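Reviewing the structure listed below.
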Amino acid sequence: MRIICRSFWQMLFFVKRDMMLLAACAAPILAGLAIRLGIPFLESMLVKWVGLPMILTPFFGLFDLFYAMLAPTMFCFVTAMVMLEEHDDRIDVYLFVTGLGKSGYLVSRIFLPAGIAFVVTLVLLPLFRLTGLTALEILFLSLTGTLQGGIIGLLIVTLSTNKLEGMAITKMATMMMLGAFLPYFVSHPVQYVAAILPSFWAAKAIYEQNILFMLPALGTAGIWLWSLLRAHTMPGSSFRKPIS
C-alpha cells in the first residue's frame with residue numbers, strides 16, 4: 001500500500017504543473033456554488049417572468065444527481081490524462097516492472113482518486129444539494145457517481161493512445177451521464193433504451209423516490225467496470241500498444 005500511495009503522490013506533483021488539470025480538480029466546488037446559489041435564483045426570476053408556480057423545481061433532483069457525478073468524473077478525467085501522458089513518455093512501462101506493478105498502477109491512478117472523489121462528494125453534496133436528500137440517498141448518489149467516474153476514466157485510458165485521443169474519448173464517455181435525463185423527459189416504456197447506463201437507474205431512484213433502483217444502478221456499473229478492466233488489461237488494448 002505504501003508504494004501505491006507514493007505513486008499517487010507522484011501523480012499529484014504532475015497535476016500541480018498542469019493548470020488545466022488543476023482547474024478540473026477545483027471544478028466541483030465552483031460548480032457547487034453555481035448550482036446552490038444560481039439555480040434557485042434563476043428559478044425565482046423565471047417564475048416571476050413566466051408567471052408559473054414553478055419551472056426548474058421539478059428538476060432539482062436532476063441537478064443533485066449530476067453534481068454527485070461531477071467530482072468523480074473530474075478526478076478520474078485528470079488521472080486518465082496523467083496516465084496517457086505517462087504512456088506517451090513511456091513512464092508507465094518502467095513503473096510496471098517495479099513493485100507497483102500493473103495492478104498497483106491502476107489502483108493509484110484510477111481507484112484511489114475515485115475513492116477520494118467519493119469522500120469529497122459525501123462532504124460537498126449535502127452542502128450544495130437542492131433537494132431534501134436523505135442520508136441513504138446521499139450515500140447512494142455518492143457511490144454511483146464514483147462508479148460512473150471510474151467507468152469514464154477507464155473508457156478514456158482503454159480507448160485512447162495519447163492525450164489528444166483522450167480528449168475526444170472524454171466527450172464520448174461523458175455521454176454516459178445523459179441517461180439521467182430519460183426518467184425526467186421520456187415516456188415510461190421508451191426510457192428503458194438507456195437501461196444499460198448506471199446514470200439512468202440512479203435518476204430513476206431519485207425521480208420515483210424508490211431507493212430499490214440502486215440495485216440495477218450498482219449492477220450495471222459493476223458490469224461496465226468488469227468489462228473495461230478486462231479490456232484494459234488485454235494485450236491487444238489500445239493503451240497497451242507500444243509507441244513507435
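The values are calculated or read from the model by the stated rules, or taken from the named source; none is laboratory data. A quick note: this is a predicted structure, and the numbers were derived from the prediction, not measured. Note that we place each Cβ from the backbone using ideal geometry, even for glycine, and neighbour counts take in every protein chain shown. For the accessible areas, the whole protein counts, side chains as well, though only heavy atoms, and no ligand, DNA or RNA atoms are used. Shrake-Rupley method; radii C 1.70, N 1.55, O 1.52, S 1.80 Å.
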Look through Gln191, Gln148 and report the one residue that is more than 15 Å from the chain's Cα centre (by Cα) and of a type outside the set (D, E, K, R). Gln191
Tell me, please, whether a residue that is loosely packed, with under 12 Cβ neighbours inside 10 Å, farther than 22 Å from Leu164 by Cβ and not charged (D, E, K, R) can be found in the range 64-82. no
Can you tell me which residues in the range 13-22 are open to solvent by 60 Å² or more (accessible area, probe 1.4 Å) and among the hydrophobic types (A, V, I, L, M, F, W, C)? Phe13, Met19, Met20, Leu22
Please return the ranges of helices (runs of 4 or more DSSP H) entirely within the range 28-128 where 2 or more residues are free of Cβ contacts under 8 Å to residues at least 24 places away in the same chain and either in contact with a strand residue (DSSP E or B) (Cβ under 7 Å, 6 or more places away or on another chain) or not charged (D, E, K, R) (or both). 39-50, 91-96, 101-106, 112-128
Flag if Leu130 is under 19 Å from Ala31 (Cα atoms) and either open to solvent by 30 Å² or more (accessible area, probe 1.4 Å) or among the aliphatic types (A, V, I, L, M) (or both): yes
Please indicate, with yes or no, whether at least one residue in the range 36-43 is open to solvent by 20 Å² or more (accessible area, probe 1.4 Å), at pLDDT below 90 and of a type in the set (Lys, Arg). no
Can you confirm whether Asp88 is open to solvent by 50 Å² or more (accessible area, probe 1.4 Å) and at pLDDT below 80? yes
